[in-house]
1. Scan the stretch 219-235 and tell me whether some residue there is under 22 Å from Pro162 (Cα atoms), surrounded by fewer than 20 Cβ atoms within 10 Å (Cβ to Cβ) and among the acidic types (Asp, Glu).
2. Quick one: what pairs do we get from the stretch 189-200, first residue within 13 Å of Gln147 (Cβ to Cβ) and without any contact (Cβ under 8 Å) to a residue 40 or more places away in the chain, second open to solvent by 40 Å² or more (accessible area, probe 1.4 Å) and among the β-branched types (Val, Ile, Thr), C-beta under 7 Å, 6+ apart or different chains?
3. Among the residues that make up the stretch 189-197, is at least one of them modelled with pLDDT of 95 or more and not aliphatic (A, V, I, L, M)?
4. Applying the selection to the stretch 166-218, what residues are buried (at least 17 other Cβ atoms within 10 Å of the Cβ) and part of a helix (DSSP H, G or I)?
5. Report, ordered by the first and then the second residue, all pairs with beta carbons closer than 7 Å, sequence separation of six or more or different chains, a first member in the stretch 50-69 that is open to solvent by 10 Å² or more (accessible area, probe 1.4 Å), and a second member that is part of a helix (DSSP H, G or I).
6. Assess whether Asp108 counts as being open to solvent by 90 Å² or more (accessible area, probe 1.4 Å), among the acidic types (Asp, Glu) and modelled with pLDDT under 85.
7. Just for the stretch 370-396: of the residues that are surrounded by 10 or more Cβ atoms within 10 Å (Cβ to Cβ) and either in contact with a Lys or Arg (Cβ under 6 Å, 6 or more places away or on another chain) or among the hydroxyl-bearing types (Ser, Thr, Tyr) (or both), which one is modelled with the lowest pLDDT?
8. Tell me the strands (runs of 3 or more DSSP E) entirely within the stretch 28-122 that contain at least 1 residues that are hydroxyl-bearing (Ser, Thr, Tyr) and within 26 Å of Ala171 (Cα to Cα).
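The values are calculated or read from the model by the stated rules, or taken from the named source; none is laboratory data. On a predicted model such as this, the values are computed, not experimentally measured, just so you know. Every residue, glycine among them, receives a Cβ derived from its backbone with ideal geometry; neighbour counts consider all protein chains shown. All accessible areas refer to the heavy atoms of the entire protein, side chains included, with ligands and DNA or RNA removed. Shrake-Rupley method; radii C 1.70, N 1.55, O 1.52, S 1.80 Å.
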Amino acid sequence: MAARRRGPVLRLCAAVFLLDLAFCKGHVEDLDDSFKESRKDDIWLVDFYAPWCGHCKKLEPIWNEVGLEMKSIGSPVKVGKMDATSYSSIASEFGVRGYPTIKLLKGDLAYNYRGPRTKDDIIEFAHRVSGALIRPLPSQQMFEHMQKRHRVFFVYIGGESPLKEKYIDAASELIVYTYFFSASEEVVPAYVTLKEMPAVLVFKDETYFVYDEYEDGDLSSWINRERFQNYLTMDGFLLYELGDTGKLLAIAVIDEKNTSVEHTRLKSIIQEVARDYRDQFHRDFQFGHMDGNDYINTLLMDELKLPTVVVLNTSNQQYFLLDRQIKNAEDMVQFINNILDGTVHAQGGDSILQRLKRIVFDAKSTVVSIFRSSPLMGCFLFGLPLGVISIMCYGICTADADGGYIEERYEVSKSEPDGPEPEGESQEPPQPRGAALPAPQEAKDVLEKKKD
């Protein structure tokens, strides 16, 4: 009886799920070749995908949720998707080189999305890029609201100047990563001290830093370095993004599931250094922790024991391992200072030897991962080519042996007479191979006998 009741309920749930899925898909438009001309009238958030791409299939339900959310909040941004394999010319025109590729198209401009593929992050990107390049902050209340809402943002303070032109250029390039604002000196909080005007500031980690052209160099490079919080929970994607900053990455590699004193202590030490020595190291160092050592082991081609601290130089692929016991923040600061003055030995690098080592390591890792995940597939992928090569080698070797045997038989047959000898002539026994030839006199006697 219960099973009979459960049947209609399950069918109803399935129908509701399918209806909800269709409703979400209804807010994502399937784009074709007419999109090239019609897109300029609107702002579009487009997913360029390939039907066979596994990552594209994984993104599809998230993309449907993005379309539904953008529609429900009344966003001016339209959400669509395009099969880049069917409309390859349009995809190439927008610079699509991999799948999936997410772009926001605004007039003649196209902005690439490079963040995590989550609904909230994609929607945040769409709001940031679709709005004004530089947003004004007209009041202190608005300024405080932005501080609560955004973990990192940049502000230009002052009037028209060459610095503002550089700020606009930097914003047009880096708007895909962070927010840019402008404000007057009266709007800035009272705790902010400015030595000169105009100025560019970054607000993060409950404090602020002022751009100094002489110490920080190019404005765009400085913004790219400072767009991250000082302490981060790191993963492979974030390490890739941090590679463009040029900073050294001090990372506590721990097991977050392990609640032992040593694991939590190293993490706390890195957090303390990031907080208390921020003014001293924020230009050169980025701090954080990483859960697990799998990615780090692949990056370093080494086996790190947990917990530990590693300092990465992503600009030249060098790294530094602890040369002492880190008991407190002062020990970590001393270790960092020794790295800066060159007394700690750097490992790794991007030399030719390291590149060859990387090729061998990647090949080995690929083979091992295939056999671990699917032994039968591994045997098929590697056993079949080896079997074919073995058969080919065997065929070549046996062909050479047969050819020599046939050639030897052919030489023997050539040495035999073409027809039967005339009667009365005596047959000479066949001369064995390698026997000495008859002397000239003996050959002459034989000839005279034949004449007689």
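1. no
2. none
3. So far as the stretch 189-197 goes, no, none of its residues is modelled with pLDDT of 95 or more and not aliphatic (A, V, I, L, M).
4. Across the stretch 166-218, the qualifying residues are Lys166, Tyr167, Ala170, Ala171, Asp216.
5. Partner pairs satisfying both residue conditions: Ile62/Lys119; Glu65/Cys24; Glu65/Lys119; Leu68/Cys24; Glu69/Lys119; Glu69/Ile123.
6. Against the criterion (open to solvent by 90 Å² or more (accessible area, probe 1.4 Å), among the acidic types (Asp, Glu) and modelled with pLDDT under 85), Asp108 qualifies.
7. Among those residues, the one meeting the criterion is Ser374.
8. Of the strands (runs of 3 or more DSSP E) lying wholly inside the stretch 28-122, those with at least 1 residues that are hydroxyl-bearing (Ser, Thr, Tyr) and within 26 Å of Ala171 (Cα to Cα) span 101-106, 109-112.
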